[in-house]
Amino acid sequence: MYRYQNPVIGGFHPDPSVCRVGDDYYLVCSSFEYFPGLPIFHSKDLVHWEQIGNVLDRQEQLPLPFPGAKASGGLYAPTIRHHDGRYWVINTNIDGGGNFVVTAERPEGPWSDPVWIDLEGIDPDLAWEEDGTCWCAFSGPAGGINLARIDPVEGEVLEGPFATWSGSGLKYPEAPHLYRIGDWWYLLIAEGGTERGHSVSIARSRSPRGPWEGAPANPLLSHSGTARSIQNTGHGDLVEAPDGGWWMVLLGVRPRGFTPDVHVLGRETFLTPVEWDPDGWPVVAPVPETHPAPGGAWHPVEQPAPRDDFDAPELAPHWISPFARPAGSWSLGERPGWLTLTATGPTLDRPGYTFVGRRQQHHDCRAAVLIDPGTGRGGLAVRLDEAHHYALEAGNGAVAVVARIGPLRQTVATLPVPSGPLTLTVAIRTSDLVPASPELTDGGTTGPDTLAFWLGDPDAPEARLLAELDGRYLSTEVACGFTGRVIGMYATEGTVAFDRFDYRPAPAPAP
Ligand code: 6LW
(Lines give C-alpha, C1' and ligand atoms only; values in the text may rest on other atoms or scores of the structure.)
Protein backbone atom coordinates (compact mmCIF):
# COMPACT_ATOMS: atom_id res chain seq x y z
CA MET A 1 0.00 0.00 0.00
CA TYR A 2 1.69 3.18 -1.13
CA ARG A 3 1.31 6.35 0.98
CA TYR A 4 1.77 9.88 -0.30
CA GLN A 5 3.08 12.91 1.56
CA ASN A 6 1.37 16.29 1.38
CA PRO A 7 1.84 18.74 -0.27
CA VAL A 8 1.85 16.87 -3.56
CA ILE A 9 3.22 20.01 -5.23
CA GLY A 10 5.35 22.01 -2.80
CA GLY A 11 6.18 25.67 -3.04
CA PHE A 12 3.92 28.44 -4.26
CA HIS A 13 1.42 26.52 -6.43
CA PRO A 14 -1.91 27.93 -5.23
CA ASP A 15 -5.49 27.66 -6.52
CA PRO A 16 -4.94 24.22 -8.13
CA SER A 17 -7.44 22.98 -10.73
CA VAL A 18 -7.36 19.42 -12.06
CA CYS A 19 -9.00 17.36 -14.80
CA ARG A 20 -8.63 13.73 -15.83
CA VAL A 21 -8.44 12.44 -19.42
CA GLY A 22 -8.39 8.63 -19.40
CA ASP A 23 -5.61 7.67 -16.99
CA ASP A 24 -3.89 11.06 -17.17
CA TYR A 25 -4.41 13.98 -14.81
CA TYR A 26 -3.57 17.58 -15.66
CA LEU A 27 -3.32 20.39 -13.10
CA VAL A 28 -2.80 24.15 -13.37
CA CYS A 29 -2.10 26.75 -10.65
CA SER A 30 -2.22 30.53 -10.43
CA SER A 31 1.08 32.36 -10.95
CA PHE A 32 0.32 36.10 -10.51
CA GLU A 33 3.00 38.47 -11.83
CA TYR A 34 5.40 35.77 -13.01
CA PHE A 35 6.20 34.93 -16.63
CA PRO A 36 5.73 32.34 -18.04
CA GLY A 37 2.34 31.92 -16.38
CA LEU A 38 -0.02 29.12 -15.28
CA PRO A 39 2.32 26.14 -14.76
CA ILE A 40 0.72 22.92 -16.06
CA PHE A 41 1.50 19.54 -14.52
CA HIS A 42 0.86 15.93 -15.55
CA SER A 43 0.34 12.93 -13.27
CA LYS A 44 -0.90 9.36 -13.54
CA ASP A 45 -1.62 8.97 -9.83
CA LEU A 46 -2.55 12.46 -8.40
CA VAL A 47 0.59 12.20 -6.25
CA HIS A 48 3.62 12.50 -8.53
CA TRP A 49 3.42 15.61 -10.71
CA GLU A 50 5.71 16.62 -13.53
CA GLN A 51 5.60 20.17 -14.88
CA ILE A 52 5.11 19.77 -18.64
CA GLY A 53 5.10 23.46 -19.47
CA ASN A 54 3.28 26.72 -18.85
CA VAL A 55 -0.07 27.54 -20.42
CA LEU A 56 0.96 31.16 -21.07
CA ASP A 57 4.54 30.93 -22.36
CA ARG A 58 4.40 33.72 -24.93
CA GLN A 59 4.63 37.28 -23.64
CA GLU A 60 1.76 38.34 -25.89
CA GLN A 61 -0.51 35.88 -24.06
CA LEU A 62 0.33 37.56 -20.77
CA PRO A 63 0.15 41.37 -20.87
CA LEU A 64 1.49 42.68 -17.57
CA PRO A 65 1.93 46.37 -18.39
CA PHE A 66 3.84 48.49 -15.94
CA PRO A 67 3.48 50.83 -14.40
CA GLY A 68 0.25 49.05 -13.60
CA ALA A 69 1.02 45.38 -13.02
CA LYS A 70 2.00 44.68 -9.44
CA ALA A 71 3.23 41.96 -7.11
CA SER A 72 0.47 39.38 -6.50
CA GLY A 73 -1.43 40.87 -9.43
CA GLY A 74 -1.53 39.27 -12.87
CA LEU A 75 -2.94 35.75 -13.06
CA TYR A 76 -5.39 34.74 -10.37
CA ALA A 77 -7.08 31.33 -10.10
CA PRO A 78 -7.48 29.22 -13.30
CA THR A 79 -9.70 26.26 -14.16
CA ILE A 80 -8.63 23.45 -16.52
CA ARG A 81 -11.16 21.18 -18.23
CA HIS A 82 -11.20 18.74 -21.18
CA HIS A 83 -14.20 18.94 -23.52
CA ASP A 84 -14.91 18.02 -27.12
CA GLY A 85 -11.39 16.64 -27.56
CA ARG A 86 -9.67 19.86 -26.52
CA TYR A 87 -8.09 21.23 -23.33
CA TRP A 88 -9.58 24.45 -22.01
CA VAL A 89 -8.20 26.87 -19.41
CA ILE A 90 -10.19 29.85 -18.20
CA ASN A 91 -8.42 32.46 -16.08
CA THR A 92 -8.23 36.09 -14.99
CA ASN A 93 -5.41 38.55 -15.67
CA ILE A 94 -6.33 41.26 -13.19
CA ASP A 95 -3.63 43.58 -14.56
CA GLY A 96 -4.22 43.06 -18.23
CA GLY A 97 -7.58 42.32 -19.77
CA GLY A 98 -9.64 40.42 -17.18
CA ASN A 99 -11.20 37.01 -17.93
CA PHE A 100 -10.10 34.89 -20.89
CA VAL A 101 -10.11 31.38 -22.30
CA VAL A 102 -7.20 29.58 -23.98
CA THR A 103 -7.41 26.14 -25.60
CA ALA A 104 -5.01 23.50 -26.88
CA GLU A 105 -5.05 20.14 -28.63
CA ARG A 106 -2.31 18.87 -26.35
CA PRO A 107 -1.85 19.82 -22.66
CA GLU A 108 1.81 20.61 -23.19
CA GLY A 109 0.67 23.18 -25.75
CA PRO A 110 0.92 25.26 -27.77
CA TRP A 111 -2.01 27.04 -26.19
CA SER A 112 -4.04 29.57 -28.14
CA ASP A 113 -3.94 33.31 -27.67
CA PRO A 114 -6.48 34.49 -25.09
CA VAL A 115 -10.13 34.87 -26.11
CA TRP A 116 -11.30 37.64 -23.79
CA ILE A 117 -14.69 37.40 -22.08
CA ASP A 118 -16.63 40.43 -20.94
CA LEU A 119 -17.26 39.19 -17.41
CA GLU A 120 -16.12 41.17 -14.36
CA GLY A 121 -14.80 39.04 -11.52
CA ILE A 122 -12.25 36.32 -10.67
CA ASP A 123 -11.98 32.55 -10.30
CA PRO A 124 -13.82 31.62 -13.50
CA ASP A 125 -14.89 28.02 -14.06
CA LEU A 126 -16.10 26.10 -17.13
CA ALA A 127 -18.80 23.41 -17.17
CA TRP A 128 -20.80 22.00 -20.09
CA GLU A 129 -24.27 20.48 -20.26
CA GLU A 130 -24.76 17.44 -22.51
CA ASP A 131 -26.27 19.68 -25.22
CA GLY A 132 -23.08 21.77 -25.30
CA THR A 133 -24.42 24.65 -23.22
CA CYS A 134 -21.39 26.17 -21.48
CA TRP A 135 -21.66 27.71 -18.02
CA CYS A 136 -19.09 29.98 -16.37
CA ALA A 137 -19.32 30.26 -12.60
CA PHE A 138 -17.12 32.94 -11.08
CA SER A 139 -16.68 35.18 -8.06
CA GLY A 140 -18.48 38.38 -9.02
CA PRO A 141 -17.46 41.96 -8.30
CA ALA A 142 -20.17 42.29 -5.66
CA GLY A 143 -18.55 39.45 -3.76
CA GLY A 144 -20.96 36.60 -4.47
CA ILE A 145 -20.84 33.63 -6.83
CA ASN A 146 -22.20 34.49 -10.28
CA LEU A 147 -23.18 32.32 -13.22
CA ALA A 148 -23.21 33.18 -16.92
CA ARG A 149 -23.95 31.15 -20.02
CA ILE A 150 -21.09 31.77 -22.47
CA ASP A 151 -19.69 30.82 -25.86
CA PRO A 152 -16.12 29.91 -24.83
CA VAL A 153 -14.93 29.83 -28.44
CA GLU A 154 -15.98 33.37 -29.30
CA GLY A 155 -15.83 34.71 -25.75
CA GLU A 156 -19.45 35.88 -25.91
CA VAL A 157 -21.71 36.18 -22.86
CA LEU A 158 -25.02 34.60 -23.95
CA GLU A 159 -26.99 34.96 -20.72
CA GLY A 160 -26.45 36.61 -17.34
CA PRO A 161 -24.40 36.93 -15.29
CA PHE A 162 -26.77 36.33 -12.43
CA ALA A 163 -26.16 35.72 -8.75
CA THR A 164 -26.30 32.13 -7.55
CA TRP A 165 -25.62 30.16 -4.37
CA SER A 166 -22.81 31.82 -2.41
CA GLY A 167 -22.03 29.58 0.48
CA SER A 168 -22.92 29.16 4.13
CA GLY A 169 -22.41 32.80 5.04
CA LEU A 170 -18.66 33.03 5.55
CA LYS A 171 -16.79 35.91 3.91
CA TYR A 172 -15.41 35.89 0.37
CA PRO A 173 -17.29 33.09 -1.42
CA GLU A 174 -15.01 32.29 -4.40
CA ALA A 175 -13.29 29.53 -6.38
CA PRO A 176 -16.54 28.05 -7.75
CA HIS A 177 -16.47 24.79 -9.70
CA LEU A 178 -19.63 23.33 -11.26
CA TYR A 179 -19.88 19.55 -11.80
CA ARG A 180 -22.52 17.22 -13.24
CA ILE A 181 -22.34 14.11 -11.04
CA GLY A 182 -25.08 11.51 -11.42
CA ASP A 183 -28.49 13.23 -11.41
CA TRP A 184 -27.21 16.30 -9.64
CA TRP A 185 -25.33 19.47 -10.44
CA TYR A 186 -22.89 20.32 -7.65
CA LEU A 187 -21.42 23.77 -7.00
CA LEU A 188 -18.20 23.62 -4.94
CA ILE A 189 -16.81 26.88 -3.56
CA ALA A 190 -14.26 28.30 -1.14
CA GLU A 191 -15.37 30.68 1.60
CA GLY A 192 -13.85 32.30 4.68
CA GLY A 193 -10.92 33.95 2.88
CA THR A 194 -7.64 32.34 1.88
CA GLU A 195 -6.12 32.82 5.34
CA ARG A 196 -6.66 30.72 8.49
CA GLY A 197 -10.46 30.82 8.06
CA HIS A 198 -10.36 29.23 4.60
CA SER A 199 -12.89 26.46 3.97
CA VAL A 200 -14.69 24.44 1.30
CA SER A 201 -18.49 24.29 0.92
CA ILE A 202 -20.87 22.71 -1.58
CA ALA A 203 -24.47 22.89 -2.81
CA ARG A 204 -26.47 20.82 -5.29
CA SER A 205 -29.36 21.36 -7.68
CA ARG A 206 -31.16 19.57 -10.52
CA SER A 207 -30.14 22.42 -12.83
CA PRO A 208 -27.25 24.89 -13.10
CA ARG A 209 -29.90 27.57 -12.75
CA GLY A 210 -30.83 26.26 -9.29
CA PRO A 211 -32.53 26.27 -6.91
CA TRP A 212 -29.53 25.24 -4.86
CA GLU A 213 -29.50 23.31 -1.60
CA GLY A 214 -26.41 23.76 0.59
CA ALA A 215 -24.88 20.67 2.17
CA PRO A 216 -25.99 20.19 5.77
CA ALA A 217 -22.35 19.72 6.79
CA ASN A 218 -21.07 22.96 5.26
CA PRO A 219 -18.31 23.96 5.47
CA LEU A 220 -17.27 20.48 4.29
CA LEU A 221 -13.65 21.16 5.11
CA SER A 222 -11.86 23.65 7.34
CA HIS A 223 -8.70 23.47 9.43
CA SER A 224 -9.57 26.74 11.13
CA GLY A 225 -9.03 26.60 14.89
CA THR A 226 -7.26 23.25 14.69
CA ALA A 227 -3.67 22.44 15.68
CA ARG A 228 -3.08 20.82 12.31
CA SER A 229 0.29 21.51 10.70
CA ILE A 230 -1.52 22.29 7.43
CA GLN A 231 -3.64 25.45 7.52
CA ASN A 232 -5.61 27.79 5.22
CA THR A 233 -7.10 24.72 3.49
CA GLY A 234 -9.51 25.71 0.72
CA HIS A 235 -9.91 26.47 -2.98
CA GLY A 236 -10.60 22.85 -3.94
CA ASP A 237 -11.33 21.04 -7.19
CA LEU A 238 -12.88 17.55 -7.32
CA VAL A 239 -11.76 14.71 -9.58
CA GLU A 240 -12.85 11.08 -9.96
CA ALA A 241 -10.10 8.49 -10.32
CA PRO A 242 -10.40 5.64 -12.85
CA ASP A 243 -11.22 3.24 -9.97
CA GLY A 244 -14.24 5.37 -9.00
CA GLY A 245 -12.53 6.93 -5.98
CA TRP A 246 -12.96 10.70 -5.53
CA TRP A 247 -10.24 13.14 -4.55
CA MET A 248 -9.84 16.86 -4.02
CA VAL A 249 -6.81 18.98 -4.84
CA LEU A 250 -6.73 22.20 -2.85
CA LEU A 251 -4.42 24.84 -1.48
CA GLY A 252 -2.95 24.96 2.00
CA VAL A 253 0.02 26.42 3.90
CA ARG A 254 2.54 25.00 6.37
CA PRO A 255 3.18 27.80 8.90
CA ARG A 256 6.33 27.92 11.00
CA GLY A 257 7.80 29.88 13.89
CA PHE A 258 6.43 31.44 17.06
CA THR A 259 2.84 32.67 17.14
CA PRO A 260 1.14 33.97 15.01
CA ASP A 261 3.34 31.71 12.83
CA VAL A 262 4.00 32.48 9.20
CA HIS A 263 4.39 30.66 5.92
CA VAL A 264 7.28 31.21 3.53
CA LEU A 265 6.63 28.68 0.73
CA GLY A 266 3.38 30.29 -0.36
CA ARG A 267 0.11 28.37 -0.69
CA GLU A 268 0.93 24.85 -1.87
CA THR A 269 -1.08 22.10 -3.61
CA PHE A 270 -2.45 19.36 -1.36
CA LEU A 271 -4.50 16.20 -1.98
CA THR A 272 -7.24 14.78 0.23
CA PRO A 273 -9.70 11.88 -0.21
CA VAL A 274 -13.44 12.41 -0.70
CA GLU A 275 -16.19 9.89 0.08
CA TRP A 276 -19.91 10.19 -0.73
CA ASP A 277 -22.51 9.69 1.99
CA PRO A 278 -25.79 7.79 1.41
CA ASP A 279 -27.62 11.11 0.88
CA GLY A 280 -25.37 12.03 -2.05
CA TRP A 281 -23.20 14.56 -0.27
CA PRO A 282 -19.40 14.50 -0.40
CA VAL A 283 -17.50 13.93 2.84
CA VAL A 284 -14.05 15.54 2.69
CA ALA A 285 -11.37 14.25 5.03
CA PRO A 286 -9.20 16.78 6.88
CA VAL A 287 -6.11 17.24 4.74
CA PRO A 288 -3.64 14.58 5.90
CA GLU A 289 0.13 14.99 6.19
CA THR A 290 0.32 11.46 4.70
CA HIS A 291 -2.31 9.08 3.38
CA PRO A 292 -2.69 5.88 1.36
CA ALA A 293 -2.30 6.82 -2.29
CA PRO A 294 -5.18 6.69 -4.77
CA GLY A 295 -5.90 3.10 -5.64
CA GLY A 296 -4.27 1.23 -8.45
CA ALA A 297 -1.59 3.66 -9.50
CA TRP A 298 1.85 4.68 -8.35
CA HIS A 299 3.81 6.48 -11.02
CA PRO A 300 6.86 8.39 -9.72
CA VAL A 301 8.03 10.97 -12.24
CA GLU A 302 11.32 12.64 -13.02
CA GLN A 303 11.71 15.84 -11.01
CA PRO A 304 14.06 18.61 -12.18
CA ALA A 305 17.67 17.54 -11.51
CA PRO A 306 19.22 19.24 -8.46
CA ARG A 307 21.69 20.95 -10.81
CA ASP A 308 20.76 22.94 -13.89
CA ASP A 309 24.00 23.48 -15.79
CA PHE A 310 22.31 25.49 -18.55
CA ASP A 311 23.50 23.16 -21.30
CA ALA A 312 19.99 22.76 -22.77
CA PRO A 313 18.87 25.00 -25.63
CA GLU A 314 15.84 26.30 -23.66
CA LEU A 315 15.16 27.20 -20.04
CA ALA A 316 13.24 24.48 -18.17
CA PRO A 317 9.56 25.36 -17.56
CA HIS A 318 9.98 25.87 -13.80
CA TRP A 319 12.15 28.97 -14.32
CA ILE A 320 10.11 32.14 -13.82
CA SER A 321 10.69 35.89 -14.05
CA PRO A 322 8.69 38.73 -12.46
CA PHE A 323 6.49 40.50 -15.04
CA ALA A 324 8.52 39.74 -18.16
CA ARG A 325 11.58 38.05 -19.58
CA PRO A 326 12.35 40.32 -22.53
CA ALA A 327 14.43 39.05 -25.43
CA GLY A 328 17.99 40.21 -25.00
CA SER A 329 17.82 40.06 -21.22
CA TRP A 330 18.84 36.38 -21.16
CA SER A 331 20.76 33.98 -23.38
CA LEU A 332 21.83 30.35 -23.33
CA GLY A 333 23.79 30.77 -26.54
CA GLU A 334 25.98 33.81 -25.86
CA ARG A 335 28.28 31.69 -23.68
CA PRO A 336 27.45 27.99 -24.24
CA GLY A 337 26.86 26.16 -20.97
CA TRP A 338 26.17 29.41 -19.16
CA LEU A 339 22.98 31.43 -18.59
CA THR A 340 23.91 35.00 -19.46
CA LEU A 341 21.72 37.71 -17.93
CA THR A 342 21.83 41.32 -19.11
CA ALA A 343 20.55 43.99 -16.76
CA THR A 344 17.32 45.74 -17.78
CA GLY A 345 16.89 47.64 -14.52
CA PRO A 346 19.29 48.87 -11.82
CA THR A 347 17.62 47.41 -8.73
CA LEU A 348 15.47 44.56 -7.40
CA ASP A 349 13.42 47.24 -5.62
CA ARG A 350 11.40 48.22 -8.69
CA PRO A 351 9.94 46.08 -11.52
CA GLY A 352 11.95 45.95 -14.72
CA TYR A 353 15.07 44.12 -13.53
CA THR A 354 16.42 40.86 -14.97
CA PHE A 355 15.67 37.88 -12.73
CA VAL A 356 15.33 34.15 -13.46
CA GLY A 357 14.29 32.03 -10.49
CA ARG A 358 12.48 28.94 -9.23
CA ARG A 359 10.03 28.47 -6.38
CA GLN A 360 11.45 27.46 -2.98
CA GLN A 361 9.67 24.15 -2.42
CA HIS A 362 11.23 22.90 0.85
CA HIS A 363 11.53 24.49 4.27
CA ASP A 364 15.12 23.27 4.62
CA CYS A 365 17.11 23.63 1.44
CA ARG A 366 20.19 25.06 -0.21
CA ALA A 367 20.60 26.98 -3.44
CA ALA A 368 23.97 27.75 -4.99
CA VAL A 369 25.23 29.30 -8.22
CA LEU A 370 28.59 29.60 -9.94
CA ILE A 371 28.55 33.21 -11.08
CA ASP A 372 30.95 35.16 -13.27
CA PRO A 373 30.05 38.79 -12.64
CA GLY A 374 32.57 40.01 -15.22
CA THR A 375 32.32 43.81 -15.19
CA GLY A 376 28.63 43.64 -14.22
CA ARG A 377 26.71 43.27 -10.99
CA GLY A 378 24.30 40.52 -10.05
CA GLY A 379 23.85 37.55 -7.80
CA LEU A 380 21.56 35.13 -5.97
CA ALA A 381 18.37 36.46 -4.37
CA VAL A 382 15.49 35.07 -2.31
CA ARG A 383 12.43 37.19 -3.04
CA LEU A 384 8.80 37.63 -2.27
CA ASP A 385 8.44 40.94 -4.06
CA GLU A 386 10.23 44.22 -4.78
CA ALA A 387 10.01 45.26 -1.13
CA HIS A 388 10.94 41.95 0.49
CA HIS A 389 14.09 40.17 -0.64
CA TYR A 390 17.56 39.14 0.51
CA ALA A 391 20.38 39.12 -2.02
CA LEU A 392 23.97 37.88 -2.14
CA GLU A 393 25.47 40.13 -4.78
CA ALA A 394 28.79 40.11 -6.64
CA GLY A 395 30.33 42.96 -8.58
CA ASN A 396 33.09 45.57 -8.60
CA GLY A 397 35.52 43.26 -6.75
CA ALA A 398 33.32 42.44 -3.78
CA VAL A 399 30.39 40.36 -2.59
CA ALA A 400 27.69 41.83 -0.37
CA VAL A 401 24.58 40.63 1.45
CA VAL A 402 21.78 43.16 0.97
CA ALA A 403 18.45 42.94 2.80
CA ARG A 404 15.32 44.78 1.62
CA ILE A 405 12.47 44.66 4.14
CA GLY A 406 9.65 47.09 3.40
CA PRO A 407 11.05 50.64 3.49
CA LEU A 408 14.40 49.43 4.84
CA ARG A 409 17.36 48.44 2.71
CA GLN A 410 20.62 47.49 4.37
CA THR A 411 23.94 46.11 3.26
CA VAL A 412 24.53 43.56 6.00
CA ALA A 413 27.99 42.33 5.01
CA THR A 414 30.64 42.91 2.34
CA LEU A 415 33.82 41.07 1.44
CA PRO A 416 36.44 41.84 -1.20
CA VAL A 417 36.87 39.04 -3.74
CA PRO A 418 39.21 38.38 -6.66
CA SER A 419 37.83 38.67 -10.20
CA GLY A 420 36.51 35.56 -11.87
CA PRO A 421 33.80 32.99 -11.13
CA LEU A 422 32.51 32.65 -7.56
CA THR A 423 30.22 30.18 -5.78
CA LEU A 424 27.38 31.91 -3.93
CA THR A 425 25.19 29.83 -1.60
CA VAL A 426 22.08 30.42 0.50
CA ALA A 427 21.41 27.73 3.14
CA ILE A 428 17.87 27.88 4.57
CA ARG A 429 17.11 26.08 7.85
CA THR A 430 13.88 25.98 9.82
CA SER A 431 14.58 27.64 13.12
CA ASP A 432 11.60 26.44 15.10
CA LEU A 433 13.47 23.15 15.44
CA VAL A 434 16.85 24.75 15.89
CA PRO A 435 17.09 27.76 18.25
CA ALA A 436 18.08 30.63 16.00
CA SER A 437 21.36 32.36 16.77
CA PRO A 438 20.65 34.78 19.67
CA GLU A 439 21.88 37.75 17.66
CA LEU A 440 19.29 36.86 15.05
CA THR A 441 16.35 37.14 17.40
CA ASP A 442 18.05 39.25 20.11
CA GLY A 443 16.37 36.98 22.66
CA GLY A 444 12.99 37.57 21.06
CA THR A 445 10.70 35.16 19.29
CA THR A 446 11.83 32.62 16.73
CA GLY A 447 11.00 33.20 13.08
CA PRO A 448 10.16 30.42 10.62
CA ASP A 449 13.75 29.91 9.47
CA THR A 450 17.15 31.48 8.99
CA LEU A 451 18.86 32.20 5.70
CA ALA A 452 22.65 31.85 5.80
CA PHE A 453 24.57 33.46 2.95
CA TRP A 454 27.94 31.98 2.10
CA LEU A 455 30.80 32.74 -0.28
CA GLY A 456 31.65 29.24 -1.45
CA ASP A 457 30.21 25.86 -0.52
CA PRO A 458 29.37 25.80 3.23
CA ASP A 459 30.80 22.28 3.45
CA ALA A 460 34.18 23.45 2.16
CA PRO A 461 36.76 24.66 4.73
CA GLU A 462 37.53 27.80 2.75
CA ALA A 463 33.88 28.90 2.63
CA ARG A 464 33.04 32.23 4.28
CA LEU A 465 29.74 32.81 6.13
CA LEU A 466 28.75 36.39 5.34
CA ALA A 467 25.43 36.75 7.17
CA GLU A 468 22.49 34.88 8.71
CA LEU A 469 19.13 36.61 8.35
CA ASP A 470 15.76 35.97 9.99
CA GLY A 471 13.31 34.51 7.50
CA ARG A 472 10.12 35.95 8.99
CA TYR A 473 10.58 39.10 6.88
CA LEU A 474 10.36 36.95 3.74
CA SER A 475 7.04 35.41 4.71
CA THR A 476 3.67 36.05 3.12
CA GLU A 477 2.22 37.29 6.41
CA VAL A 478 4.86 40.05 6.53
CA ALA A 479 5.05 40.90 2.82
CA CYS A 480 1.31 40.26 2.25
CA GLY A 481 0.03 38.99 -1.09
CA PHE A 482 -0.61 35.62 -2.69
CA THR A 483 2.80 34.26 -3.63
CA GLY A 484 5.70 32.57 -1.87
CA ARG A 485 9.48 32.66 -2.00
CA VAL A 486 11.32 32.45 -5.30
CA ILE A 487 15.09 31.89 -5.34
CA GLY A 488 16.87 33.15 -8.42
CA MET A 489 19.68 34.70 -10.38
CA TYR A 490 19.70 38.37 -11.33
CA ALA A 491 21.66 41.10 -13.05
CA THR A 492 21.37 44.78 -12.18
CA GLU A 493 24.43 46.13 -14.00
CA GLY A 494 25.87 45.05 -17.33
CA THR A 495 26.02 41.33 -18.15
CA VAL A 496 26.47 38.53 -15.63
CA ALA A 497 26.84 34.81 -16.39
CA PHE A 498 25.81 31.74 -14.38
CA ASP A 499 27.37 28.36 -15.06
CA ARG A 500 25.03 26.40 -12.85
CA PHE A 501 22.19 26.62 -10.34
CA ASP A 502 21.95 23.93 -7.65
CA TYR A 503 18.79 23.49 -5.57
CA ARG A 504 18.69 20.71 -2.99
CA PRO A 505 16.33 20.02 -0.12
CA ALA A 506 18.24 19.63 3.14
CA PRO A 507 17.33 17.34 6.04
CA ALA A 508 15.37 19.19 8.72
CA PRO A 509 17.63 20.03 11.67
CA ALA A 510 17.42 17.47 14.48
CA PRO A 511 14.99 18.75 17.18
C1 6LW B 1 -7.90 33.62 -5.97
C2 6LW B 1 -9.05 33.58 -5.02
C3 6LW B 1 -8.37 33.91 -3.76
O4 6LW B 1 -8.25 33.97 -7.26
O5 6LW B 1 -7.24 34.58 -3.97
O6 6LW B 1 -8.24 34.24 -1.55
C7 6LW B 1 -7.02 34.68 -5.35
N8 6LW B 1 -8.79 33.63 -2.62
O9 6LW B 1 -9.70 32.34 -4.98
C10 6LW B 1 -5.57 34.45 -5.65
O11 6LW B 1 -5.15 33.22 -5.12
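Annotations
- Cα-Cα P(r), the chain, percent of pairs per 20 Å interval: 23, 55, 20, 1
- With an a/c value of 1.5 or above and a/b not larger than b/c for the gyration tensor axes a ≥ b ≥ c computed over the alpha-carbon atoms, region 1-160 is described as oblate.
- Selection from TYR186, ALA400, PRO242 lying farthest towards where the dipole of the chain points positive, charges on Cβ: ALA400
- Note, ³J(HN,Hα) from phi for region 317-324, Karplus 6.51, -1.76, 1.60, rounded to Hz, x at Gly and Pro: x, 7, 7, 10, 9, x, 6, 6
- Karplus-derived 3J(HN,Hα) values for region 376-389, using 6.51 cos²θ - 1.76 cosθ + 1.60 with θ = phi - 60°, are x, 9, x, x, 10, 10, 10, 10, 10, 6, 5, 10, 9, 7 Hz; glycine and proline are entered as x.
- Within-14-Å neighbourhood charge of GLN5 [Cβ basis; K, R +1; D, E -1]: -1
- With all protein chains in place and a 1.4 Å probe, the accessible surface of region 307-505 carries 54 percent carbon and sulfur.
- The charge dipole of region 356-407, taken about its Cα centre with unit charges on the Cβ of Lys, Arg, Asp and Glu (plus for the first two, minus for the last two), comes to roughly 100 debye.
- Helix-only [θ]222 nm of the chain, DSSP H runs n ≥ 4, -39500 (n - 2.57) each, per residue, nearest 500: 0 deg cm²/dmol
- Available extension along the chain between SER207 and ASP311 is 32.0 nm, counting 0.36 nm per residue and deducting the alpha carbon span.
- Taking Cα centre as origin and charging only the Cβ of basic (Lys, Arg, +1) and acidic (Asp, Glu, -1) residues, the dipole magnitude of region 3-292 rounds to 880 debye.
- Efficiency of FRET between ARG3 and GLU60 - r from beta-carbon atoms, R0 30 angstrom, step 0.05: 0.10
- Hypothetical label at GLN303: residues of region 441-485 whose amide nitrogen lies under 19 Å (7 Å Cα-Cβ projection): 484-485
- Note on ARG86 and GLU240: their simple-model spin labels are 2.5 nm apart, each label 7 Å out from Cα toward Cβ.
- 31 Å tail of the calculated P(r), region 3-292, as % of Cα pairs: 21
- Ordering of 11-20, 90-99 by burial proxy (mean other Cβ atoms within 10 Å per residue, highest first): 11-20, 90-99
- When a 1.4 Å probe is rolled over the protein heavy atoms, the share of accessible surface on region 3-292 that falls to carbon and sulfur comes to 50 percent.
- A 1.4 Å probe run over the chain, with the rest of the protein chains in place, finds 38 Å² accessible per residue.
- Cut-off under 5 Å, modelled amide H: who pairs with ILE52 long-range: ILE40, PHE41, HIS42
- Within the shell defined by Cβ-Cβ distances under 15 Å, the residues around GLY193 carry a net charge of -3, with Lys and Arg each +1 and Asp and Glu each -1.
- Cα-centre dipole for the chain with unit charges at Cβ (Lys and Arg positive, Asp and Glu negative), debye to 20: 1040
- Under 13 Å, Cβ to Cβ, from ALA241 - net charge with Lys/Arg +1 and Asp/Glu -1: -4
- Residue-wise HN-Hα coupling along region 269-279, computed from phi with Karplus coefficients 6.51, -1.76, 1.60 (Hz; x: Gly, Pro): 9, 10, 10, 9, x, 10, 10, 10, 7, x, 8
The values are calculated or read from the model by the stated rules, or taken from the named source; none is laboratory data. For clarity, every value in this text was computed on a predicted model and none was experimentally measured. Note that we place each Cβ from the backbone using ideal geometry, even for glycine, and neighbour counts take in every protein chain shown. Please note that ligands, DNA and RNA were not included when accessible areas were found on the heavy atoms of the full protein model with its side chains. Shrake-Rupley method; radii C 1.70, N 1.55, O 1.52, S 1.80 Å.
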